[in-house]
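Below: the structure, in C-alpha cells.
Here, each number is a calculation from the coordinates, and none is a lab measurement. Predicted model, so just to flag it, every value in this text is computed and none were measured. Cβ atoms come from the backbone with ideal geometry, glycine included; neighbour counts cover every protein chain shown.
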C-alpha cells in the first residue's frame, strides 16, 4: 500500500481465554500488514471506516458493519481516513459454532453497546462475573447476527487503489475514466478491464455504490440531506434523494428514521 504507514502487530500477544478486546486508534493511511492468528477475530470500528483485506478480496466497512475472520485466515486491516479500532480476539473453541469462512456482519445497537462495554471492562477484575455475562451475551449476538453484503469492495492493485482512495476522499470528483486512465498511465479500456476483473463491477457502478456508502456515513454523523448531496457531488438534493431511494429502497430521511428507531428499540 503505497504511502501508507505500517502498524506493527503485537509480538507478545497471548491467546484469548475465551475473548480479548483490543482498543486502538488507527491513524489515517495506516495499516497492519498481512498476518494471521491461531484464534478468530472480529474486526470493528466504533467510528471511522476500516479497509479489510481477506483471502484476496478487500472491503471497506463502516461502524454499521464488522468483519469476522476465522482461525488462521490471513488478513490485513487499515484505515484511509483514520478509525477507532476495536478488535475482538476469540479462542478457537469459543468460535467453533461461528462461520468457518470470512463474513461481514451488520452491527446493531445491542452488539455495538456490548463491544463498547467489554472495551470499558478490559483490565478490570471480574469478581462478580459481570464481564463473563457480557461476554456470553456478545457470543449469543454473534451466533444470531445476519451476514450483510453492504461492504464496499476495494482493490488490492496499487494503481486502482490510488483511484479509489481519491474518489473516496472526494466523491464529488467528476473525472472520467479516460482522465483517470491518463493519470494512472493506462488506457481507459485497460482501466475498465482491470477494474471489472478485480472488483466484479464497473468503475461507474463502484462510484455509485461508494456514494451510497459515504451517504450513510455522513448522514449517520449528523450531516443533513442537502449538505450530504453537495458533499457527494450531486447536482441537486432531489437527484441525491432519487439515487439514494433507488439504491437503498427508501429516502434518506426514512432510512435514518429507521436506524434511529432500531437504536431506540435496542
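For residue 11 and residue 46, what does the FRET efficiency come to when R0 = 25 Å and r is the distance between their Cβ atoms, rounded to the nearest 0.05?
The computed FRET efficiency comes out at 0.45.
Looking at the square roots a ≥ b ≥ c of the eigenvalues of the Cα gyration tensor of region 5-144, which shape do they give, rounded for a/c under 1.5, prolate if a/b is larger than b/c, or oblate?
Taking the square roots of the gyration eigenvalues as a ≥ b ≥ c, region 5-144 is rounded.
In nanometres, what is the gap between the two model label sites at residue 178 and residue 128, each 7 Å from Cα along Cα-to-Cβ?
Here the modelled spin labels are 7.0 nm apart.
Would you please report the Å³ per residue occupied by the convex hull of the alpha carbon atoms in region 155-235?
Spread over its residues, the Cα hull of region 155-235 gives 84 Å³ apiece.
Within the chain, what percent of beta bridges assigned by DSSP are antiparallel, to the nearest 5?
In the chain, approximately 95 percent of DSSP beta bridges are antiparallel ones.
What whole number of Å gives the distance from the Cα centroid of region 146-184 to the Cα centroid of region 187-207?
Centre-to-centre distance over Cα atoms comes out at 9 Å.
Which value in nm describes the separation of the simple spin-label points at residue 23 and residue 92, placed 7 Å from the Cα toward the beta carbon?
The two pseudo-label positions are separated by 3.0 nm.
Of the residues 60, 77, 134, which exhibits the maximal mean-square fluctuation in a Gaussian network model of the chain defined by a 10 Å Cα contact cut-off?
134
Hey, with R₀ at 41 Å, roughly what FRET efficiency would residue 76 and residue 187 work out to, going by the Cβ-Cβ distance, to 0.05?
0.90
Given 0.36 nm per residue, what is the gain on full extension from residue 157 to residue 242 after removing their alpha carbon distance, in nm?
27.3 nm
Among 251, 161, rank each residue by its count of other Cβ atoms within 10 Å, from fewest to most, as a rough exposure measure.
Final ranking by Cβ density, sparse to dense: 251, 161.
If you take all C-alpha pairs in the chain, what percent of them are over 27 Å apart?
More than 27 Å apart: 42 percent of the Cα pairs in the chain.
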